[in-house]
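The values are calculated or read from the model by the stated rules, or taken from the named source; none is laboratory data. Only a predicted model underlies this, so the values are computations on that prediction, with no experimental measurement involved. Virtual Cβ from ideal backbone geometry, glycine too; neighbours counted across all protein chains shown. To get the accessible areas, we keep the full protein, side chains included, count just its heavy atoms, and leave off ligands, DNA and RNA. Shrake-Rupley method; radii C 1.70, N 1.55, O 1.52, S 1.80 Å.
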Amino acid sequence: HAINPSINSQRQRRKDNRIIQNVTTYGVNFKTLFDSGATDSACSATVGAKLQQLGIRMFPSVFVITDVQGELLKVKGEMQLPFVLNKKRFTWRFLVIDKLDNEMLIGADFMKENGVILDMQNSHIIFRDEITKRQINSVYKTMIPENHHVKIQCQISAADNLQLKPGSLTIVQK
């Protein structure tokens, strides 16, 4: 930037906060964006062509989809793809879209169906069934007289940055 050169350096250092993970299908890794704003999962036409070279069939599609600005996207077809994500195996329908900015995109369709939670703070995904159940039993004052005050110092530690608010009941399901 001619007037303020620090603006350019700030833009260059800006971290990409989107959740992007490698997804493996047919032995090939693709950088995949997890996009809760996308209604459907998709792959780029380049990825579709690469997979076709491996013998994967692309089916015709009459699917109509638009980008975030409302512009019509060109859907070249659909592919049923088996893939591995977080050591789990899935098969899902991906729209093959011309000029998609990402190699692959996991949309709200997959995330809702499979209980995907986006952990933006740690830049990764969690499957609902991976969340550990914790049960904390209430402490009753059965042996303490009503007007007697006792200060008890205690600490509860839990994985996954679980935060418990004083006086609240927190239930975490697996």
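Rounded to the nearest percent, how much of the accessible area of segment 5-115 (1.4 Å probe, protein heavy atoms only) is carbon and sulfur?
About 49 percent, which is the carbon plus sulfur part of the accessible surface.
In nm, what is the difference between 0.36 nm times the number of residues separating VAL28 and ARG89 and their Cα-Cα distance?
20.5 nm
First select every other residue whose beta carbon is under 12 angstrom from the beta carbon of PRO60; then total the charges, Lys and Arg +1, Asp and Glu -1.
Result for the neighbourhood of PRO60: +1.
Quick one: ranking ARG89, ARG128, ARG57 by accessible area, 1.4 Å probe, largest first, what do you get?
So, going from the largest accessible area down, we get ARG89, ARG57, ARG128.
Quick one: order VAL64, VAL75, VAL84 from most to least accessible surface, probe 1.4 Å.
Accessible-area ranking of VAL64, VAL75, VAL84, largest first: VAL64, VAL84, VAL75.
Give or take rounding to whole Å, what are the principal axis extents of the alpha carbon atoms in segment 11-80, in descending order?
40, 32, 19
Give the accessible area for SER41 in Å² (nearest 10); use a 1.4 Å probe, count only protein heavy atoms, and leave out ligands, DNA and RNA.
Spelled out: SER41, probe radius 1.4 Å, area about 0 Å².
Taking a temperature of 20 °C and a viscosity of 1.002 mPa s, what whole-number D in µm²/s does Stokes-Einstein yield for segment 22-142 with Rh from Kirkwood over alpha carbon pairs?
135
Taking a threshold of 22 Å on the Cα-Cα distance, which of the pairs LYS15/LYS76; LYS87/LYS112; LYS15/LYS112; LYS31/LYS76; LYS15/LYS88; LYS76/LYS99 fall above it?
The answer is LYS15/LYS76; LYS15/LYS112; LYS15/LYS88.
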